[in-house]
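Right, one structure below, let's go through it.
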Amino acid sequence: MSNLTTIITPAPLTVLSGNTTMETAYLVDDYPYGFRLRCKIRYWLEYKRGQGFRLCSQTTNPKRAGEVWNTPKKSTYSMLAVMGLDEAQHVTWTGCSGYDCEKLPAFHELYGATFDADQRKVFDAATDLYARVQAKRAAAQVIAAPAVDPCDTCGNSTAEIAHTTTAGDTVCVECEAEAN
């Protein structure tokens with residue numbers, strides 16, 4: 001019986017760097033096209049300022065004469081991403097979204113050495129923003145202790161106040177116990 005609480009962590013990617021445009025894409029020469037045909041496919045990691053990174057792929061059409069490229073397929077944007085080869089030598093990608101900021105240090109530890117200028121800039125901005133958000137959250141967590149009137153008998157302001165007398169005096173629990 002399997003343990004459902006076990007977390008399966010995929011092996012890190014072998015990062016493919018420099019494949020950022022259609023012209024500099026990573027090319028796979030033998031890729032399936034349907035059930036019987038073969039084609040070429042190219043992959044690149046596109047960056048758009050204000051949006052992030054996304055994986056793009058484009059295949060050739062083996063049904064047409066010459067090397068005719070089909071329309072590129074583009075994934076959704078991720079704040080920070082890398083493209084690479086998995087353990088089966090297939091092209092894939094991984095990244096961190098704006099909701100995964102707590103994972104940025106681990107992502108940087110795995111892939112930070114391979115970051116290009118855009119990835120480095122996004123990582124630096126994201127970690128700076130995340131640090132500021134965490135600081136604001138920590139400041140909001142600090143709650144000032146409520147002001148406590150000191151006991152009129154002993155002057156202790158940290159003691160638990162038992163009651164206020166009809167004369168308006170506050171009496172702590174210890175002083176009330178001594179009086180009775």
- Specify the residue that is nearest to the chain's Cα centre (by Cα); the eligible residues are those in region 18-64 that are farther than 17 Å from Leu85 by Cα and aliphatic (A, V, I, L, M). Met22
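Each row is one residue, and each column tells you yes or no for (1) of a type outside the set (A, V, I, L, M, F, W, C); (2) free of Cβ contacts under 8 Å to residues at least 40 places away in the same chain.
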site	(1), (2)
Thr60	yes, yes
Arg64	yes, yes
Glu67	yes, yes
Pro72	yes, no
Leu85	no, no
His90	yes, yes
Asp100	yes, yes
- Message: With the structure loaded, tell me whether Ser2 is modelled with pLDDT under 95 and either touching a helix residue (DSSP H, G or I) at 6+ places or on another chain (Cβ under 9 Å) or not basic (Lys, Arg) (or both) or whether it fails that test.
- Response: yes
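Quick check, is Val68 on the phi < 0 side of the Ramachandran plot, surrounded by 14 or more Cβ atoms within 10 Å (Cβ to Cβ) and of a type outside the set (Asp, Glu)?
no
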- Please indicate, with yes or no, whether at least one residue in region 75-87 is closer than 22 Å to Gly50 by Cβ and surrounded by fewer than 16 Cβ atoms within 10 Å (Cβ to Cβ). yes
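The values are calculated or read from the model by the stated rules, or taken from the named source; none is laboratory data. A quick note: this is a predicted structure, and the numbers were derived from the prediction, not measured. Positions of Cβ are generated from backbone atoms using ideal geometry, with glycine treated the same way; all protein chains shown enter the neighbour counts.
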